[in-house]
Amino acid sequence: MVFELLAAATSAAPQNKFGFAEALEQGGFIAYATVIILGIMSFGSFFILITKWIEQNKILRQYKELRASFWRAPSLKEGAAKLEKNSAWRQIVDDGMAAEEQHGKMVNETDAHDWLHGSLAASVNSVNSKLAGGLPFLATVGATSPFIGLFGTVVGIYRALIAIGIAGSASIDKVAGPVGEALIMTALGLLVAVPAVLAYNYLQARNKSIAELLNGFSSAVLANINSKGAVKPAVAAAPAAAAKPAAAAPAAKQ
């Protein structure tokens with residue numbers, strides 16, 4: 001009989017439920033709004049990371065194809081025909097040829113060179129600006145999401161303390177649960193911020209590498225235009241040099 005009474009009393013005692021859903025319920029509109037904002041930030045960060053990574057890989061792949069075929073063409077126009085349309089490398093070549101057609105109107109040779117150099121630099125800068133698109137969002141998410149989560153935590157703790165004060169009980173079981181639930185918002189803010197910062201630094205480093213390739217290619221195009229096609233990178237001559245020993249090998253056997 002005694003055990004039955006103890007079991008009935010235990011089952012009748014109120015059970016404290018703690019968790020993410022309870023934290024949202026206690027936080028009310030502020031908690032829901034915080035989670036929604038952090039969710040949008042997280043989705044945007046991963047979307048930018050994936051799309052920019054694909055865009056960077058496409059440019060790097062096109063550069064490998066360019067090194068294998070572009071400079072073997074007898075002219076820039078024929079070389080540009082081998083490049084993919086709407087690619088960054090095709091844009092630089094097209095802008096360079098357009099500037100070459102217009103620089104003949106320059107009276108001074110120095111002005112003509114500056115015009116070509118400025119046109120190619122502007123083309124490179126436009127490609128770099130396109131690659132940098134979306135990175136400010138990642139930087140903003142990495143800088144602000146911890147504070148958004150902290151704001152949700154502050155509001156959650158404030159509501160929990162008010163509820164505790166109304167209940168008139170400040171025991172550890174009444175305090176630890178609500179405060180712990182409120183700290184979930186800070187954890188969510190950090191969970192959103194860390195991937196955004198890592199993605200920003202990763203994409204920024206790859207953009208710098210691509211920018212170096214773009215500047216090098218732009219300088220090669222400028223030198224080719226100024227020399228009337230006489231100056232080309234040594235990469236184009238490497239396959240021909242490698243083919244000579246192979247052709248001479250049968251003669252050696254004789």
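The values are calculated or read from the model by the stated rules, or taken from the named source; none is laboratory data. In this text the structure is predicted, and so the values were computed from the model without any measurement. Please note: Cβ atoms are built from the backbone with ideal geometry, for glycine as well, and neighbour counts cover all protein chains shown.
Summed over region 34-55, residues that are touching a Gly at 6+ places or on another chain (Cβ under 7 Å) and hydroxyl-bearing (S, T, Y) total 1.
Results for (1) over 30 Å from A31 (Cα atoms); (2) charged (D, E, K, R); (3) modelled with pLDDT under 90; (4) surrounded by 13 or more Cβ atoms within 10 Å (Cβ to Cβ), shown as yes or no for each residue.
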| residue | (1), (2), (3), (4) |
| --- | --- |
| V93 | yes, no, yes, yes |
| G96 | yes, no, yes, yes |
| V124 | yes, no, no, yes |
| A170 | no, no, yes, no |
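Mind checking whether some residue in region 37-45 is within 30 Å of I157 (Cα to Cα), surrounded by 12 or more Cβ atoms within 10 Å (Cβ to Cβ) and under 12 Å from the mean Cα position of the chain (by Cα)? Within region 37-45, one or more residues are within 30 Å of I157 (Cα to Cα), surrounded by 12 or more Cβ atoms within 10 Å (Cβ to Cβ) and under 12 Å from the mean Cα position of the chain (by Cα).
H103 fulfils the conditions (1) closer than 28 Å to P136 by Cβ; (2) modelled with pLDDT under 85; (3) surrounded by 17 or more Cβ atoms within 10 Å (Cβ to Cβ) except for a single criterion, (1). Looking at the structure I just gave you, is F147 modelled with pLDDT under 90, over 30 Å from F70 (Cα atoms), aromatic (F, W, Y) and in contact with a helix residue (DSSP H, G or I) (Cβ under 8 Å, 6 or more places away or on another chain)? For F147, the condition - modelled with pLDDT under 90, over 30 Å from F70 (Cα atoms), aromatic (F, W, Y) and in contact with a helix residue (DSSP H, G or I) (Cβ under 8 Å, 6 or more places away or on another chain) - is not met. Here the condition is being surrounded by 15 or more Cβ atoms within 10 Å (Cβ to Cβ), more than 22 Å from R206 (Cβ to Cβ) and within 27 Å of the chain's Cα centre (by Cα); of G156, G149, G79, it holds for G149 alone.
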